[in-house]
Amino acid sequence: GQGRITTMSDEDPNKQIPRIFVGGMAHGRDPQKPVTEEMIRMVFSKFGEIVGIKTGMKDFVFIDYKDHESCQQAIETMHQKPFDEDSSGPMKVQYAEPRRERRADARRFERRSRSPGGRGNFVRRPTPPMERPRMPEGFPQ
């Protein structure tokens, strides 16, 4: 989308993150040919940049896209379709429920606040000596 750059999600805490739920990928599949994360990436990266994939129990997965347009395209194109020629049944492709939104948001924020040199805001750099708070007069140094 042009012109609407929304970076931080804190202006609207209920803002949906671009995550879709995909279920039923393995309908009618030969157990010898399980759906792999690589296959999921190949099928779903057609619709946009995938930021993360969280595989669930057997047959479902959450896919995080960089933007909502990608989610919409994936949903419109893949919902009710079989995953590939080895799967027979229709998949369920929809926006993920925002239930676990808070945890994901915290993770996203933690990733964002990492500095290139390691643990980011959680590790303080040692204060250069001049900036150390001065002790009161007569206080044992």
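Which one is farthest from A96 (Cα to Cα), of the residues in segment 8-38 that are modelled with pLDDT of 95 or more and aliphatic (A, V, I, L, M)?
V22
How do the pairs read when you match residues in segment 41-70 that are over 17 Å from I17 (Cβ atoms) with residues anywhere that are open to solvent by 70 Å² or more (accessible area, probe 1.4 Å) and in a strand (DSSP E or B), using Cβ under 9 Å and keeping only pairs 6 or more apart or on different chains?
Matching pairs, first to second residue: F60/K92.
Filter segment 83-94 down to the residues that are open to solvent by 60 Å² or more (accessible area, probe 1.4 Å) and of a type outside the set (K, R), then identify the one that is farthest from S45 (Cα to Cα).
Filtering first and then ranking leaves S88.
Determine which single condition Q72 fails, assuming it passes every other condition in (1) in contact with a Lys or Arg (Cβ under 8 Å, 6 or more places away or on another chain); (2) modelled with pLDDT of 95 or more; (3) not basic (K, R).
It is condition (1) that Q72 fails.
For segment 22-39, which residues satisfy the criterion of being surrounded by fewer than 18 Cβ atoms within 10 Å (Cβ to Cβ) and hydrophobic (A, V, I, L, M, F, W, C)?
Across segment 22-39, the qualifying residue is only M39.
Can you tell me which residue is surrounded by the most Cβ atoms within 10 Å (Cβ to Cβ) among those in segment 54-70 that are within 16 Å of F83 (Cα to Cα) and in contact with a helix residue (DSSP H, G or I) (Cβ under 8 Å, 6 or more places away or on another chain)?
Result: I63.
The values are calculated or read from the model by the stated rules, or taken from the named source; none is laboratory data. Computed from a predicted structure; not experimentally measured. Because the Cβ atoms are built from the backbone with ideal geometry, glycine has one as well, and the counts that use them run over all protein chains shown. Calculation scope for accessible area: heavy atoms of the full protein, side chains included, ligands and nucleic acids excluded. Shrake-Rupley method; radii C 1.70, N 1.55, O 1.52, S 1.80 Å.
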